[in-house]
Amino acid sequence: MIILDGKKISSQIKEEIYSSVEKIKISGGKQPHLAAVIVGSDGASETYVAHKVKACEQVGFKSTVVRVNENADQKVLLEKIDEINDNNDIDGLIVQLPLPGHISEDTVIERIKVEKDVDGFHPINVGRLLIGQPGYVSATPYGIIELIKHYEIETSGKHCVILGRSNIVGKPMAVLMSRKGYPGDSTVTLCHSRTKNLEDWCRQADILIVAMGKAEFVTAGMVKEGAVVIDVGITRAPSEKTRSGWKLLGDVKYDEVAPKTSYITPVPGGVGPMTIVSLLNNTLKAAKKEIY
Ligand code: GUN
């Protein structure tokens, strides 16, 4: 069993990004710049954005956090997005999700300039992914693909089972794993809350990608001997064993599943760090105008 070390690989990729930024600066170019918009003061969103800001610092990017009041009208948020869209110093723009209930996530995402949509959530970027045209790929699926590439995991002709059909992870992951080429060429089964005989599908997976947000849902009995298991879940659970009083759990019962697998991602230290580094990669592409 090999642990897919997202922490290590993401550090290596960060060093490569840092070198690219140095080269840009030496040749007189502009420092890449990411803007993150937070609406309200959701604890998890604050933590995620803080991690993104820190990652920007590590690779030499500029970052700006724009805060919008929890109760602000949608119009106020859209105006902020327009301002950032028009600011030529800013290359990438993300609006941290989820948004308060009175704001339409679809309207907000569509307002982001496609060229700055480094989260890859805009319908144009999602559509481009679907038909195999260059565009921004959302960070978690992009990070998983980078991990698979790095460890040279065979995907052609494999049965890839994905648990969870979110727009951010499950659906783009299904597109990426079934596309022509490497990584890809897999036969994909996309499972969700209404799937019948879920455990049977899981047991048929050569590659099992779990993104449903249910702590320790996948048990040893659901995994085929020698399968590749990728765990996207991250749930904070109370713990008496840690000083902080909580620990992070994946969607996979790691201790009992890991011995059966050929490759597995740990939580934390697997998919999470790869996601952040993929956002940096997208921001670098935006700064270099590589896609649009
Ligand atoms: N909320 C949870 N994941 C994400 C993400 O990747 N990007 C944004 N903007 N919000 C999120």
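Looking only at the stretch 45-65, which residues are more than 19 Å from residue 109 (Cβ to Cβ) and not β-branched (Val, Ile, Thr)?
Hits for the stretch 45-65 are 46, 50, 51, 54, 55, 56, 57, 58, 60, 61, 62, 63.
Can you work out which of the residues in the stretch 139-190 that are part of a loop (DSSP other than H, G, I, E, B), touching a residue at least 40 places away in the same chain (Cβ under 8 Å) and over 20 Å from residue 264 (Cβ atoms) is nearest to the chain's Cα centre (by Cα)?
Only one residue tops the list, namely 168.
Please pick out the residue among 262, 278 that is more than 30 Å from residue 61 (Cα to Cα), touching a Gly at 6+ places or on another chain (Cβ under 7 Å) and in contact (Cβ under 8 Å) with a residue 24 or more places away in the chain.
262
Within the stretch 21-55, can you find the residues that are within 22 Å of residue 140 (Cβ to Cβ), modelled with pLDDT of 95 or more and of a type in the set (Gly, Ala, Ser)?
Within the stretch 21-55, 35, 36, 50, 55 qualify.
Test residue 10 against the criterion of being surrounded by 17 or more Cβ atoms within 10 Å (Cβ to Cβ) and within 16 Å of the ligand (Cβ to nearest atom), and give yes or no.
yes
How about the stretch 116-138: which of its residues are assigned to a helix (DSSP H, G or I), away from the ligand (no atom under 16 Å from the Cβ) and in contact with a Gly (Cβ under 9 Å, 6 or more places away or on another chain)?
Looking only at the stretch 116-138, we keep the residues that are assigned to a helix (DSSP H, G or I), and these are 116, 123-130.
Among the residues that remain, those that are also away from the ligand (no atom under 16 Å from the Cβ) are: 124, 127-128, 130.
Answer for the stretch 116-138, where residues must be assigned to a helix (DSSP H, G or I), away from the ligand (no atom under 16 Å from the Cβ) and in contact with a Gly (Cβ under 9 Å, 6 or more places away or on another chain): 124, 127, 128.
Determine if the stretch 240-247 includes at least one residue that is among the hydroxyl-bearing types (Ser, Thr, Tyr), part of a helix (DSSP H, G or I) and out of contact with any Lys or Arg (no Cβ under 8 Å at 6 or more places or on another chain).
No, because not a single residue in the stretch 240-247 is among the hydroxyl-bearing types (Ser, Thr, Tyr), part of a helix (DSSP H, G or I) and out of contact with any Lys or Arg (no Cβ under 8 Å at 6 or more places or on another chain).
Every residue, every condition in (1) within 16 Å of the ligand (Cβ to nearest atom); (2) assigned to a loop (DSSP other than H, G, I, E, B), yes or no:
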site: 259; (1), (2): no, no
site: 268; (1), (2): yes, yes
site: 274; (1), (2): yes, no
site: 282; (1), (2): yes, no
site: 291; (1), (2): no, yes
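Name every residue in the stretch 84-115 that is away from the ligand (no atom under 16 Å from the Cβ), surrounded by 12 or more Cβ atoms within 10 Å (Cβ to Cβ) and in a helix (DSSP H, G or I), in order of residue number.
115 - this is the single residue of the stretch 84-115 that is away from the ligand (no atom under 16 Å from the Cβ), surrounded by 12 or more Cβ atoms within 10 Å (Cβ to Cβ) and in a helix (DSSP H, G or I).
Starting from the stretch 83-112, keep only residues that are more than 20 Å from residue 64 (Cβ to Cβ) and without any contact (Cβ under 8 Å) to a residue 60 or more places away in the chain, then list their pairs with residues that are more than 14 Å from the ligand (Cβ to nearest atom) and not basic (Lys, Arg) whose Cβ atoms are within a distance under 8 Å, requiring at least 6 positions of separation or different chains.
That search, which allows pairs on different chains as well, returns 102/74; 104/74; 107/74; 107/78; 110/123.
So which residues in the stretch 196-215 are exposed (fewer than 15 other Cβ atoms within 10 Å of the Cβ) and out of contact with any Gly (no Cβ under 9 Å at 6 or more places or on another chain)?
196, 197, 200, 204
State all residues of the stretch 35-70 that are within 14 Å of the ligand (Cβ to nearest atom) and either in a loop (DSSP other than H, G, I, E, B) or of a type in the set (Phe, Trp, Tyr) (or both); if no residue qualifies, say none.
40, 42, 48
Would the stretch 195-203 turn up any residue that is more than 16 Å from the ligand (Cβ to nearest atom), outside any helix (DSSP H, G or I) and not basic (Lys, Arg)?
Looking only at the stretch 195-203, we keep the residues that are more than 16 Å from the ligand (Cβ to nearest atom), and these are 195-203.
The next check asks that each one be outside any helix (DSSP H, G or I); those that pass are 195-197.
After this cut, where a residue has to be not basic (Lys, Arg) as well, the list is 195, 197.
Yes, because at least one residue in the stretch 195-203 is more than 16 Å from the ligand (Cβ to nearest atom), outside any helix (DSSP H, G or I) and not basic (Lys, Arg).
Which residues, taken from the stretch 151-162, are out of contact with any Phe, Trp or Tyr (no Cβ under 8 Å at 6 or more places or on another chain) and surrounded by 14 or more Cβ atoms within 10 Å (Cβ to Cβ)?
Once the filter is applied, which keeps residues that are out of contact with any Phe, Trp or Tyr (no Cβ under 8 Å at 6 or more places or on another chain) and surrounded by 14 or more Cβ atoms within 10 Å (Cβ to Cβ), the stretch 151-162 yields 154, 158, 159, 160, 162.
If you go through the stretch 17-34 one residue at a time, do you hit one that is within 13 Å of the ligand (Cβ to nearest atom) and not in a strand (DSSP E or B)?
No: the stretch 17-34 contains no residue that is within 13 Å of the ligand (Cβ to nearest atom) and not in a strand (DSSP E or B).
Which members of the stretch 21-43 meet the condition of being closer than 15 Å to residue 287 by Cα, among the polar types (S, T, N, Q) and out of contact with any strand residue (DSSP E or B) (no Cβ under 8 Å at 6 or more places or on another chain)?
27
The values are calculated or read from the model by the stated rules, or taken from the named source; none is laboratory data. No experiment lies behind these values; they were computed from the predicted model shown. Note that we place each Cβ from the backbone using ideal geometry, even for glycine, and neighbour counts take in every protein chain shown.
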